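**Q** Take this structure first; my questions come after.
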Amino acid sequence: MADYAFSHRHLLGIEGLNRLDIETLLELGDKYVELNRRRVKHADTLAGRTLVNLFFENSTRTQGSFEIAGRRLGADVITMPIATSSVKKGETLIDTAMTLNAMRPDLLVIRHGSSGAVKLLSRKVDCAVINAGDGTHEHPTQALLDALTIRRRVGEISGMRVAICGDILHSRVARSNVACLNILGAQVRLIAPRTLTPPGAADWGAEVFTDMREGLEGCDVVMMLRLQQERMDGAYLPSAREFFHFYGLDADKLNHANPGAFVMHPGPMNRGVEIESGIADHKTRSLITEQVEMGVAVRMAVLETLAKNAPEPGAAK
Amino acid sequence: MTGRTVIHNARLIDPATGRDETGGVLTENGVILDSGSAISKTVTADVKIDAGGKMLAPGLIDLRVKTGEPGAENKETLQTASDAAAAGGVTTFVVMPDTDPVIDTVALVDFIQRRAEGVAKVKVYPAGGLTLGLDGAKMSEIGLIREAGAAFFTNGDRPVEDAGVLRRAMSYAASFDALVASRPDTPALSKNTVMNAGAFAARLGLRGTPPEAEWIALERDLMLAETTGVRLLADCISTARSLAAVERARKAGVKAACSVASYSLFFNELDVGDYLTYCKVQPPFRTEADRMALIDGLKRGVIDAVVSAHDPQPTEDKRLPIADAAFGAVGLETLLPCLLSIAIREDIPLVKALRPVTSGPADLLGLPQGRLAKGAPADFVLFDPAAASSKAGSCAHG
């Protein structure tokens, strides 16, 4: 594993990665889980390197997770407050990128509300770019942390049946997870009303269901998605309570999954909309806080791996 | 061109008559005196041009060009658009009324004509706004603007949503036998979208325009054309089903013509690829099945006009995340290369492939050009098809 060459300059999405790429990151993630559980959680892998967090969309957990990951590896971490920056003064996204690039960061973590925006920025900078979520496209570190969580709890992902439920249409988490779980050999199911199912989702290598009880039959893991109300222009759903009735995860619906099936959620949760509190806080079946813990570890793995691939300063572009 | 000029040793392509023969054309004072196999270098003329066996066709006519003049000259002016047209073999084009101010009065039609006379190398005709300010509420002075020289009437890229307004405007336009062009679109379905709806857009996480946005508006337009009797140009149709709808209406006696953007014949939705903002256009690149159906329409001669849909945008409006980027791409210089490369690949005779950019649009507008006929204006394009088609790949880029 130590010798495996991760042949990517950036982490823009799960698409484009192969099984070995993913497994290498997960194994390194495992190592960092152990470090993070020690009293002194410090490594100097990234000592002297600069990590810039660039969040064009508000985020608490992902931004914090990357900050902690960077600091634990010894990097200098700067989070740019975009809300008050020159972007508001009309500077274009590319100008912002060029400006930051001139400050010579080594790693740039970007979240942006437009699909494809992180890829666009990655073409304009010399450092490694990590996609922390772009529009409704991809959120690769979320998929990796989910895979790490499942792997540590259940073991081999290959052959496992995983259901992803809720607002698939607006979810970058769903897109990255379908790709990641497919590569790792899981059987993926998507459960949503038609208005929240992307066109062509059946061609993603997932089975599509509109009936949640039917969809959950035989599932080992149930991933709930946040109902992205702020992304909805209009009425994709009649009401939150109707959504909860048909697609909210409660004990009754969960009983249709395999006995002991695990429950996951990328957060932040809308309790009582997509998930019942009793399930979200379930001591043995909910992996939701564990996902957050794995998030830091997997991001450390990603930062370390990409930092290794960064070109030497002054190297020909 | 003054005096007598002969261009000889050319392969003449005249879609109006279906002629494809070796010969020449003889012109005097900018008008065709004669053309055909009998015209050779022995004809008496002041200027003799040896075409070296290259192809000579009527200069192209493009029914859909947007410039930024007046109002957004940083995008394109009549002069730069005409330079691009001349470079691409387009000798006549129609400018859309979506300018600032909108071309919706006699004075604005007059302004475009005078400006073009001063700066343009090619013939430029303005299209008149169908409604005042393209607001979709009140019809413009269709009769007067037509008299002033507007080629046709259209609301450009702002579809008339109110069917009552459209019905009355069409009905009124029919009194003057004016041509009404309408790009079928249903904003309720297409607003805030970036590309064709479907599996590929969903995978990219982009909002797509479903083809129903085009179908619904097109069926409405065809019905209103039927009941009002207006001559309708279904502008830039982009799907197989739209072409079938136009053909069906035409069979039923509706005076319906259709145009297709050259990019719709050349690209499909997958070409949007890695969020290429230069491929963000309206209507969007559709499926491969749609593209092939439109090419089949070209082969069968049921597409009246192929247009460049030329709509240049400044770099700063394109180098953005695709959702924020402007719609539009250049096309004047690549219209001919695009058609030639399709003709070569799909084995379509040139007299057929070039009809929608010559006699097809000329007939729609009642223009004398677009043909190698006696008395027609001496507007030609001379080209080497193999060399020209190699430029087609840059179609819609930049």
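**Q** Are there DSSP H segments in chain A that both extend 15 Å or more along their axis (alpha-carbon positions) and score a mean Kyte-Doolittle hydropathy of at least -0.5? List them, or say none.
**A** Counting only whole DSSP H runs, the qualifying helices are A:19-36, A:140-154, A:172-183, A:288-309.
**Q** Another question, then. Need one value for A:135-145: mean number of C-beta atoms belonging to other chains within 10 Å of its residues' C-beta atoms.
**A** 2
**Q** How much length is gained if the chain between B:Thr227 and B:Ala137 is pulled fully straight, taking 0.36 nm per residue apart and subtracting their Cα-Cα distance, in nm to one decimal?
**A** This chain segment gains 30.4 nm when fully extended.
**Q** On to the next question. Could you list the residues of the range A:152-180 with an amide nitrogen less than 16 Å from a label point located 7 Å from the Cα of A:Glu207 in the Cα-to-C-beta direction?
**A** Those under the cut-off are A:159-165.
**Q** Determine the total buried accessible area between chain B and chain A, counting protein heavy atoms only with a 1.4 Å probe; round to the nearest 100 Å².
**A** Between B and A, the summed buried area is about 1500 Å².
**Q** Debye calculation, C-alpha points only, no solvent: report log10 I(q)/I(0) for the range A:1-116 at q = 0.10, 0.11, 0.16, 0.18 Å⁻¹, in the same order as the q values.
**A** -0.37, -0.45, -0.93, -1.13
**Q** Which order do peptides B:72-82, B:39-49, A:269-279 fall in by mean Cβ count within 10 Å, highest first?
**A** Peptide ranking by packing, descending: B:72-82, A:269-279, B:39-49.
**Q** Right, here's the next one. For a distance above 26 Å, tell me the whole-number percent of Cα pairs in the range A:123-249 that qualify.
**A** 22
**Q** Of B:Ser259, B:Ser190, B:Ser359, which is the most mobile in a GNM of chain B whose springs link Cα atoms less than 10 angstrom apart?
**A** In the Gaussian network model the winner is B:Ser190.
**Q** At 1.4 Å probe radius, can you tell me the per residue accessible area of chain B in Å²?
**A** 37
**Q** Right, something else. Per residue of chain B, what 222 nm ellipticity follows from adding -39500 (n - 2.57) for every DSSP H run with n ≥ 4, rounded to the nearest 500?
**A** For chain B, the value works out to -9500 deg cm²/dmol.
**Q** Cut-off under 15 Å on the C-alpha distance; same-chain residues fewer than 8 positions from B:Lys41 excluded. Which aspartates and glutamates are left, in chain and number order?
**A** B:Asp50
**Q** Short version: ³J(HN,Hα) in whole Hz for each residue of the range B:285-293, in order, from phi by Karplus 6.51 cos²θ - 1.76 cosθ + 1.60 (θ = phi - 60°), x for Gly and Pro, what are they?
**A** Whole-Hz 3J(HN,Hα) from phi for the range B:285-293: 4, 9, 6, 5, 4, 5, 4, 5, 5.
**Q** Extension gain B:Asp177-B:Thr17, at 0.36 nm per residue separation less the Cα-Cα distance, in nm?
**A** Here the segment from B:Asp177 to B:Thr17 would lengthen by 55.0 nm.
**Q** Can you list the residues of the range A:191-224 whose accessible area drops by at least 30 Å² going from the chain on its own to the full set of protein chains, with a 1.4 Å probe?
**A** A:Pro199, A:Trp204
**Q** Please grab the % of Cα pairs in chain B that end up more than 36 Å from each other.
**A** Counting pairs separated by more than 36 Å, the tail of P(r) holds 20 percent.
**Q** If you line up the long axis of helix B:163-175 against the longest principal axis of chain B, both from Cα atoms, how many degrees apart are they, to the nearest 10?
**A** Between helix and principal axis, roughly 30 degrees.
**Q** Summing -39500 (n - 2.57) over the DSSP H runs of n ≥ 4 in chain A and dividing by its residue number, what mean residue ellipticity at 222 nm do you reach, to the nearest 500 deg cm²/dmol?
**A** Computed mean residue ellipticity for chain A: -11000 deg cm²/dmol.
**Q** Now for a different question. Could you list, bin by bin from short to long, the percent of Cα-Cα pairs of the range B:231-353 in 10 Å steps?
**A** Histogram of Cα-Cα distances, whole percents per bin: 13, 42, 32, 12, 1.
**Q** I need the calculated FRET efficiency for the pair A:Arg19 and B:Thr315, taking r as the beta carbon distance and R₀ as 45 Å, to the nearest 0.05.
**A** With a Förster radius of 45 Å, E is 0.65.
**Q** Could you give the alpha-carbon Rg of the range B:1-110 over 2.2 N^0.38 Å, rounded to two decimals?
**A** 1.38
**Q** Now, a different point. About its Cα centre, how strong a charge dipole does chain B have in debye, to the nearest 20, once Lys and Arg get +1 and Asp and Glu get -1 at the Cβ?
**A** So the dipole magnitude of chain B works out to roughly 700 debye.
**Q** With a 1.4 Å probe and all protein chains in place, put A:Ile68, A:Ile288 in order of accessible area, largest first.
**A** Ranked list, largest accessible area first: A:Ile68, A:Ile288.
**Q** Now for a separate question. So if I place +1 on the C-beta of Lys and Arg and -1 on the C-beta of Asp and Glu, and nothing else carries charge, what would the dipole magnitude of the protein assembly as shown be about its Cα centre? I want it in debye, nearest 20.
**A** My answer is approximately 620 debye.
**Q** Right, another one. Measure off, as a whole percent, the carbon and sulfur share of the 1.4 Å-probe accessible area of chain B, all protein chains present.
**A** Here carbon and sulfur together make up 52 percent of the probe-accessible area.
**Q** Here's a follow-up. Can you tell me the FRET efficiency between A:Glu91 and B:Lys374 if r is taken as the Cβ-Cβ distance and R0 is 56 Å, rounded to the nearest 0.05?
**A** After rounding, the FRET efficiency stands at 0.40.
**Q** Using just the C-alpha positions of the range B:4-50 as equal point scatterers, what log10 of I(q)/I(0) does the Debye formula give at each q in 0.27 1/Å?
**A** -0.95
**Q** Right, something else. Rg to Rh for the range B:165-278: what is it, with Cα atoms only and Rh by Kirkwood?
**A** Radius of gyration over Kirkwood radius for the range B:165-278 works out to 1.04.
**Q** For the pairs A:Lys31/A:Lys283; A:Lys124/B:Lys75; B:Lys251/B:Lys318; B:Lys54/B:Lys280, note any where the Cα-Cα span goes beyond 30 Å.
**A** Cα-Cα > 30 Å for B:Lys251/B:Lys318; B:Lys54/B:Lys280; rest within.
**Q** Express the accessible area of chain A per residue in Å², computed with a 1.4 Å probe while the remaining protein chains stay in the model.
**A** With all protein chains present, chain A gives 42 Å² per residue.
**Q** Additional query: What list of ³J(HN,Hα) couplings, whole Hz, do you get for the range B:228-236 from phi and the Karplus terms 6.51, -1.76, 1.60, once you set θ to phi - 60° and write x for glycine and proline?
**A** Karplus values, whole Hz, x for Gly and Pro: 8, x, 6, 7, 10, 10, 6, 8, 6.
**Q** May I have the convex hull volume per residue, in Å³, for the Cα set of chain A?
**A** 136
**Q** Once all Cα-Cα distances of the range A:53-190 are split into 5 Å bins that start at 0, what whole-number percent is in each one?
**A** Going out from 0 Å in 5 Å bins, the range A:53-190 shows 2, 9, 18, 20, 18, 14, 10, 6, 3, 1, 0 percent.
**Q** What spacing in nm lies between the two simple spin-label points modelled at B:Leu382 and B:Lys48, each 7 Å away from Cα in the Cβ direction?
**A** In this crude label model, B:Leu382 to B:Lys48 measures out at 1.4 nm.
**Q** With unit charges on the beta carbon (Lys/Arg positive, Asp/Glu negative), name the residue among A:Phe209, A:Met264, A:Phe244 whose Cα is farthest towards the positive pole of the charge dipole of the protein assembly as shown.
**A** A:Met264
**Q** I would also like to ask the following. How large is the charge dipole for the range B:243-368, taken about the Cα centre, if only the Cβ atoms of Lys, Arg (+1) and Asp, Glu (-1) carry charge, to the nearest 20 debye?
**A** That gives the range B:243-368 a dipole magnitude of about 580 debye.
**Q** To continue, here is another question. Once you wrap a convex hull around the alpha carbon atoms of the protein assembly as shown, what is its projected area averaged over all directions, in nm²?
**A** Computing the convex hull of the Cα atoms and averaging its projections yields 35.4 nm².
**Q** Next question. Could you work out how far helix B:335-346 tilts from the main Cα principal axis of chain B, as a 0 to 90 degree angle to the nearest 10?
**A** Approximately 90 degrees, to the nearest 10.
**Q** Another question, if that's okay. B:Lys123: which lysines have alpha carbons under 18 Å from its alpha carbon, excluding same-chain residues fewer than 8 sequence positions away?
**A** Partners found: B:Lys66.
**Q** Within 10 Å, count the other beta carbons around each residue, average over each peptide in B:223-231, B:333-341, B:203-211, and list them highest first.
**A** Ranking, from highest mean packing down: B:333-341, B:203-211, B:223-231.
**Q** Now for a separate question. Let me confirm one metric for peptide A:117-124, namely the mean number of other chain beta-carbon atoms within 10 Å of its residues' beta-carbons.
**A** Mean number of neighbouring Cβ atoms from other chains: 3.
**Q** Per residue of B:321-328, count partner chain C-beta atoms within 10 Å of its C-beta, then hand back the mean as an integer.
**A** Mean number of neighbouring Cβ atoms from other chains: 5.
**Q** Starting with the highest mean, order A:212-222, A:93-103 by the number of other Cβ atoms within 10 Å, averaged over the residues of each peptide.
**A** A:212-222, A:93-103
**Q** Compare A:Met224, A:Met160, A:Met294 in a GNM of chain A, Cα atoms joined below 10 Å, and give the one with the largest fluctuation.
**A** Of A:Met224, A:Met160, A:Met294, the most mobile in the Gaussian network model is A:Met160.
The values are calculated or read from the model by the stated rules, or taken from the named source; none is laboratory data. Note that this is a predicted model, so its numbers are computed, not measured. Every residue, glycine among them, receives a Cβ derived from its backbone with ideal geometry; neighbour counts consider all protein chains shown. Heads up: the accessible areas ignore ligands, DNA and RNA and are worked out on the full protein's heavy atoms, side chains in. Shrake-Rupley method; radii C 1.70, N 1.55, O 1.52, S 1.80 Å.
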